Amino acid sequence: MAERKILAGHAVRRLRRASGLTQVALADALDISPSYLNLIEKNQRPLSAALMLRLAERFDFDPRQLGGEAPGGGVEGLRRRLADPLFADISVDRAEMEEWLAAAPGGVEAFARAFDRMIEGGGAPVSAVEAMPVAMVRREIERWRNHFPDLDAQAEALADELRLGSGDLYGALGERLRQRHQLAIRILPADVMPDHVRRLDLHARQLQLSEMLDGASRTFQAAYLVADMEAREEIDALVAGAAFADRHADRLLRRHLTGYFAAALMMPYARFLRACEGSGYDLLLLQRRFGAGFEQVAHRLTTLQRVGARGLPFFMIRIDRAGQSSKRYAGASAAPLVEQDGRCPLWALHAAFDRPSEIVPQLVELEDGERWFTLNRTVSGQAAGLQRGRSVFAIALGLKADYAAPLIYARGLDLDHGDAQPIGLGCAACARPSCAQRSAPPRGRALRFNERERGLSPFDFARD
């Protein structure tokens, strides 16, 4: 960590201005020269770990935020927006983006807001897959970095209260529903509930669950109902704060927040974080200890951003066999692997379908040299019966290789210099040459043709 350096001039400038300090005053506080601070703010000098720690002590924040609070989401945010077909005829490389960020951070933020507003207002969609309400809710979740401290605190207090009465959370939740809300839990046969896994029958005063749900899912559904009844005020406030103009977005965000509370009830923040750090983030152990499913644990790992007690900055994405994403959370990771709609077939996320229920680790390297460590595994949905089949998804849980050393799955790996799989962010956004897996040319690159030769890829294109 002491040797790690980053460019974060925009973040340093924002902190200084928010505190009402001149460059001379901040330089004096950091024990550096004003001229050196000026170079840092212009991104002409890196910010060392030692300076990050001094800034953290003065401003009381997580140093990792310096790399994730760039205007417009930084280079990765710009790259994601400029990958839109609207800019297909314009080639803007990483160096130009970095210069733009350094010279005009306010202009970058204005561009990002205008572009996002255009998307919300019905402009050309970033994704043909994501409907507008879903995209709006995703942006709101990422604005919070998928961490809602008030919900976490309330869920943690309730979990402690339930533990006093029983070591069996499912039983304790059932008793809570019975005593406080006059509701019973009833498990019904699959042929009685062929198209549902959960139903609240207020006439019969029952929470009806399908017998097809496994133990972890039954606990989650019971916790979900408790969340809906006992955390409604906090959830209403968060939904109102999002100020959506679309009622469908309201409902989607409410569903996410209710599920968030349910997961926090099953995996209370402090106990879960201690278990993560003590086990080296052993996912199977965490499943057993908290009675949760793999997907529930993976999602929970993206939420651990409590001030003063942060976990590792994970992202999570879930896809089907067609490569369509149905869940994706960047959390505090700022991962382009989540933000981009395109994905590389060389990423083990896709190969996980061939190795059901096995955790497949993979170290990958993007075009800009940034390395990510990912854990890939399939999960099965709850089916109503064998005739209908069982839905299968693949989940990738990942984080920057810089932070992956504490993971039990990364032991023995050279995360900085070891072999990593080169991947891109989908063929249209990837300019790696000679890729045998390429299915489309990169946007913004002129195609080249030589009838006397045939390379590994069917597309040859200008390199710059």
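The values are calculated or read from the model by the stated rules, or taken from the named source; none is laboratory data. Just so we're clear, the structure is a prediction, and the values are computed from it rather than from any experiment. Cβ atoms come from the backbone with ideal geometry, glycine included; neighbour counts cover every protein chain shown.
Here are a few things to note about the model shown:
- If you check H248, H196, H203 for being farther than 30 Å from S380 by Cβ and surrounded by fewer than 16 Cβ atoms within 10 Å (Cβ to Cβ), only one passes: H203.
- Check on R343, touching a Gly at 6+ places or on another chain (Cβ under 7 Å) and in the same structural domain as V360 (by TED's automatic domain parsing): yes
- Across the stretch 418-444, the qualifying residues are those that are among the basic types (K, R) and in contact (Cβ under 8 Å) with a residue 24 or more places away in the chain, and the one among them that is surrounded by the fewest Cβ atoms within 10 Å (Cβ to Cβ) is R432.
- Here G398 does not qualify as at pLDDT below 95 and in the same structural domain as D320 (by TED's automatic domain parsing).
- Exclusive hit being in a loop (DSSP other than H, G, I, E, B), of a type outside the set (S, T, N, Q) and at pLDDT 95 or above, set L312, L252, L238, L284: L312
- Residues considered: Y269, Y260. Of these, the only one that is out of contact with any Asp or Glu (no Cβ under 8 Å at 6 or more places or on another chain) and of a type outside the set (G, A, S) is Y260.
- Evaluated against (1) farther than 28 Å from S391 by Cα; (2) at pLDDT 90 or above; (3) outside any loop (DSSP other than H, G, I, E, B); (4) not hydrophobic (A, V, I, L, M, F, W, C), D116 falls short on exactly one condition, (2).
- Taking the criterion of being farther than 19 Å from E370 by Cβ and either under 25 Å from the mean Cα position of the chain (by Cα) or basic (K, R) (or both), the residues of the stretch 429-452 that qualify are R438, R443, R445, R448, R452.
- The stretch 343-363 - residue that is more than 14 Å from R321 (Cα to Cα) and either at pLDDT below 95 or among the β-branched types (V, I, T) (or both) and, of those, farthest from the chain's Cα centre (by Cα): S357
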